[in-house]
Amino acid sequence: MSERNLLLETAAAAMPRWKQFVRNLFRDLGPVGFFVRWAVLLVFALYFGLPLLWLLLAPSKDQFAIISLNPLAFGSWETVVKAWQNVNAYVHGEIWLWFGNSILYVAVSLAIGMAISIPAGYILAVARFRGRNLLLWLTLICMLLPQSAMVLPLFLELNIFHLVNTPWAVILPACFFPFGVYLAYVYYGSSLPTDLLDAARVDGCSEWALFRHIALPLAKPLLGLLAFISFNNNWNNFFGPYVMLNNDKLFNLPVGLQTMIAATSAIRPGFNTTPGMLKFQQADAAMAGLIMILPVVIVFLLSQRYVIGGAFTGSVKG
Amino acid sequence: MSQKTANAGPRVNLKLRRTLSAYVFMLPYLLFMLAFGIGPGVYAFLISFADFKKGVPQYFSAGFKNYITAFKDFRFAFTMGNIAEFLVVSVPLGIALVVVIALLLHMRPGRLASALRTVYFIPGAVTGPALLLLAIFMFSPAMSPFGFIQQALGYKDFDALIAPSRLPVIFTVIGFFSGAGMWIAIQYGALEGVSTEVLEAAKIDGCNSWQQALYIKFPLIRPYIIYQFILIFAGNVQLFVEPQLMGTTWIMANVPQQWAPNQLAYSFAFDLGNFGAAAAMSLLMLLIGLGAAYFVIRWTGFFDIKS
C-alpha cells in the first residue's frame with residue numbers, strides 16, 4: 001500500500017468507532033454518492049424484483065383473492081397445492097416430459113455451441129487471415145437476421161434431411177451461436193495481449209497448445225457467462241420448437257406450457273374449455289410459469305461463482 | 001509480426017501454418033454458419049423475389065413486386081413510424097441504464113452487489129406466456145404492486161394506462177424488464193476484466209470511485225457497449241413479442257393488431273400467405289439493423305485488431 005493510504009489508516013485508527021464505521025461505509029464515494037448509488041440500485045431492485053415476488057405469490061391466490069387481496073399478500077396453501085395438482089394432472093404429468101426434453105435440448109446445444117464458438121471467436125480476435133473481415137460481417141449479419149425471415153428456409157432445409165419433428169430440428173440450429181462467437185471475439189480482443197501469444201510461440205508452443213493453455217484458462221469468466229446465456233436462450237426457445245415440432249411428446253417447456261395454457265381458460269376469460277379438459281386458473285398458469293423459471297434461477301445461482309469468481313485479474317495493461 | 005528472421009523460408013512456412021490453423025479453428029463454426037445462418041438467409045433473399053400465387057414458389061418471377069406490395073401496404077408507414085418512436089426511446093435509455101447499473105454495482109463488489117445482480121438477471125427467464133401474464137397484471141392498477149404509483153398518476157385501470165401514445169414507453173418498460181439483466185451481467189463481466197493494477201494505480205493517484213468509473217472503467221468497456229448497441233438496435237427494430245401479446249383481441253386494450261413492422265411481416269406470411277412480401281419486410285428490418293451496425297463499426301474502428 002502507498003504511503004498516503006498508510007497515513008489515512010493511522011488517522012482512522014485515532015477516530016471513535018462509529019466514525020470509523022461511517023468512514024468505512026462511505027469510503028471514497030462520499031455521503032451523497034453513497035446514497036445516490038443505493039437509491040438507484042434499490043429502485044431498480046424493486047422494478048425487477050416486485051413483479052417476480054408477485055409471480056412467486058400468484059399460485060397461492062384464486063381468481064377472487066388476486067383482486068381482493070393486497071398485491072403482495074399470500075393467499076392460501078390450499079390454492080398452491082391445488083395449482084400444483086392441476087398442473088401435474090395435465091395429460092398425466094406431461095409437463096415433466098417437457099421438462100426432461102428441455103434439459104436434453106439445452107445441454108446438447110450448449111455443449112456443441114460452446115465448443116464451436118469459443119475457438120472461432122478466439123481466432124477472429126488474434127489471427128490475421130484472408131476473409132477475417134468478411135467472417136466478422138457475416139457473423140454480424142447472421143445475428144441480426146430476423147427470425148421471421150429464417151423460419152421458412154430453416155424448416156424447408158431440415159425437411160430435406162427428414163429432421164423435422166425430431167429433437168435435432170431444435171438442437172442443430174441452436175448450436176449455431178454467433179452471439180457467443182462475437183462475445184468471445186470482443187473478450188479476447190480486449191483482454192488477451194498478442195505479445196503473450198507471440199512470446200509463447202517463440203518458446204515453441206503449437207497453435208492448439210496456445211489456445212488450450214493460455215486462451216481457454218484466461219476465458220473462465222467468459223465461459224461461465226456464455227454458457228449461462230446459451231442455457232437461458234435455449235431454455236426459453238419458443239419459436240424454433242414451435243415451428244419444427246408437432247408431436248407433443250417432443251415439446252420443450254415453453255411450447256408445452258403455451259399449448260397447455262392455450263387449451264384452457266386461464267388467460268382467456270369467457271373462452272370455454274374443451275369438455276373433459278381441466279379448468280385452468282391464473283394460479284395454475286402462474287405455477288406452470290414458476291416451474292419454468294426456477295431452473296434458470298438455480299443455474300444462475302450456481303454458475304454465478306464461475307461468472308464473477310474473481311479468477312480473472314486482468315493480464316493486460318488495459 | 002514484428003520479429004525479424006534471418007532467412008525468409010521458415011518465416012513463410014510459419015505464416016502459412018498459422019493461417020492454416022486459423023482456418024481449422026474456424027471450420028466447424030463455418031459449417032454451422034452456412035447451414036443455419038447464411039444458407040437460410042440467402043434462401044430468404046430468394047423468396048423475397050419469388051411469386052407465391054400458384055402455391056409453389058416461382059423464383060425470380062416476381063421481380064420487385066413483393067417489395068412494392070410491402071411498402072405500399074396501408075400499415076407500412078404506420079408501423080415504421082411506431083418503430084422509429086420506439087427506437088428513439090428504448091435504445092439510448094436501455095444502453096445508458098444498463099451501463100450505469102453495471103458501473104454502480106462494480107464500485108463495491110460484494111455480496112450485496114451480487115445479490116442485486118441476481119435480482120436484475122432473473123426476469124430474463126420470464127418470457128412468452130409468463131411475460132404476457134405478468135405484464136397484464138403489472139399494468140392493472142387494481143392488482144399491481146405498482147398500482148399505487150399508477151393511481152397516483154391518475155390511471156384508474158388497464159385501459160386508461162395502455163394508450164397508443166404511451167406504447168413506445170410501455171414496450172420499453174416490458175422489454176427492459178426481461179432483457180436488461182443479461183446485458184448488466186455482460187457489462188459487469190467486462191468490468192471484471194479491467195485490470196486491477198490500473199485501478200490500483202488510479203487509486204494511489206487520488207482517483208475516487210466515481211472518477212474511476214467515468215474515466216477508466218467506462219472507456220475500457222467501450223467495445224462491449226458498441227456490441228450492445230448493435231444488437232439492441234437491430235433487436236428492437238424486430239420488436240414482436242410485446243405488441244403481439246398486447247394486441248391480441250382478448251385483452252380489451254386499444255393496441256392495433258399490427259403495430260410493429262415485424263408483426264406486419266408475420267401478417268403477410270400467415271394471414272395472407274404472401275411469403276414473398278414477408279421476406280421483403282424481414283430483409284428491410286435486417287437492412288436497417290445492419291445499416292446502424294455498419295455506421296457504428298466504421299465510425300469506431302470496432303473490427304481492427306488491437307496491437
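The values are calculated or read from the model by the stated rules, or taken from the named source; none is laboratory data. The structure presented is a predicted model; accordingly, all values stated were derived computationally and were not measured. With ideal geometry, Cβ positions are generated from the backbone for all residues, glycine too; neighbour counts draw on all protein chains shown.
Among the residues making up the range A:201-250, those that are assigned to a loop (DSSP other than H, G, I, E, B) and charged (D, E, K, R) are A:D203, A:D248, A:K249. Each residue in the range A:54-87 was checked for being exposed (fewer than 15 other Cβ atoms within 10 Å of the Cβ) and either in contact with a Cys (Cβ under 8 Å, 6 or more places away or on another chain) or not acidic (D, E) (or both), and 12 of them qualify. With respect to B:G206, is the statement that it is in contact with a Leu (Cβ under 8 Å, 6 or more places away or on another chain) and either facing chain A (nearest Cβ under 9 Å) or in contact (Cβ under 8 Å) with a residue 40 or more places away in the chain (or both) true? The answer is no for B:G206. Picking from residues in the range A:199-216 that are surrounded by 15 or more Cβ atoms within 10 Å (Cβ to Cβ) and within 8 Å of another protein chain (Cβ to nearest Cβ), the one that is modelled with the lowest pLDDT is A:E207.
Within the range B:149-156, one or more residues are in contact with a Pro (Cβ under 8 Å, 6 or more places away or on another chain), in a helix (DSSP H, G or I) and either away from chain A (no Cβ under 11 Å) or of a type in the set (D, E) (or both). If B:T19 satisfies every condition in (1) of a type in the set (S, T, N, Q); (2) touching a residue at least 40 places away in the same chain (Cβ under 8 Å); (3) within 14 Å of chain A (Cβ to nearest Cβ) but one, which is the exception? Exception for B:T19: condition (2). Of (1) in a helix (DSSP H, G or I); (2) more than 9 Å from chain B (Cβ to nearest Cβ); (3) out of contact with any helix residue (DSSP H, G or I) (no Cβ under 6 Å at 6 or more places or on another chain); (4) in contact (Cβ under 8 Å) with a residue 12 or more places away in the chain, A:N165 satisfies all except one. Which? So the condition that A:N165 fails would be (1).
For the range A:282-302, the tally of residues that are among the acidic types (D, E) and more than 17 Å from B:L132 (Cβ to Cβ) stands at 0.
If we keep just the residues of the range A:217-245 that are more than 21 Å from the chain's Cα centre (by Cα) and more than 23 Å from B:V126 (Cα to Cα), which is modelled with the highest pLDDT?
Going through the qualifying residues, I end up with A:P217.
Counting the residues of the range A:13-55 that are at the interface with another protein chain (Cβ under 10 Å from one of its Cβ atoms) and in a loop (DSSP other than H, G, I, E, B) gives 1.
Of the residues making up the range B:93-145, those that are more than 7 Å from every other protein chain (Cβ to nearest Cβ) and not in a helix (DSSP H, G or I) are B:R108, B:P109, B:G110, B:F139, B:S140, B:P141. Checking each residue of the range B:172-191 against the condition of being β-branched (V, I, T), more than 9 Å from chain A (Cβ to nearest Cβ), touching a Ser or Thr at 6+ places or on another chain (Cβ under 7 Å) and within 29 Å of A:C142 (Cα to Cα) gives at least one match. Would a scan of the range B:143-161 turn up a residue that is closer than 24 Å to B:P256 by Cβ, crowded, with 23+ Cβ neighbours inside 10 Å, in contact with a Ser or Thr (Cβ under 8 Å, 6 or more places away or on another chain) and modelled with pLDDT of 85 or more? Within the range B:143-161, not a single residue is closer than 24 Å to B:P256 by Cβ, crowded, with 23+ Cβ neighbours inside 10 Å, in contact with a Ser or Thr (Cβ under 8 Å, 6 or more places away or on another chain) and modelled with pLDDT of 85 or more. Scanning the range B:209-224 for residues that are more than 9 Å from every other protein chain (Cβ to nearest Cβ) and crowded, with 21+ Cβ neighbours inside 10 Å returns a single hit, B:K217. Checking each residue in the range A:168-200 for being farther than 27 Å from B:M285 by Cα and either acidic (D, E) or outside any helix (DSSP H, G or I) (or both) picks out A:L192, A:P193, A:D195, A:D198. Being within 30 Å of B:V241 (Cα to Cα), at pLDDT below 90 and not in a loop (DSSP other than H, G, I, E, B) is a description that does not apply to B:L199.
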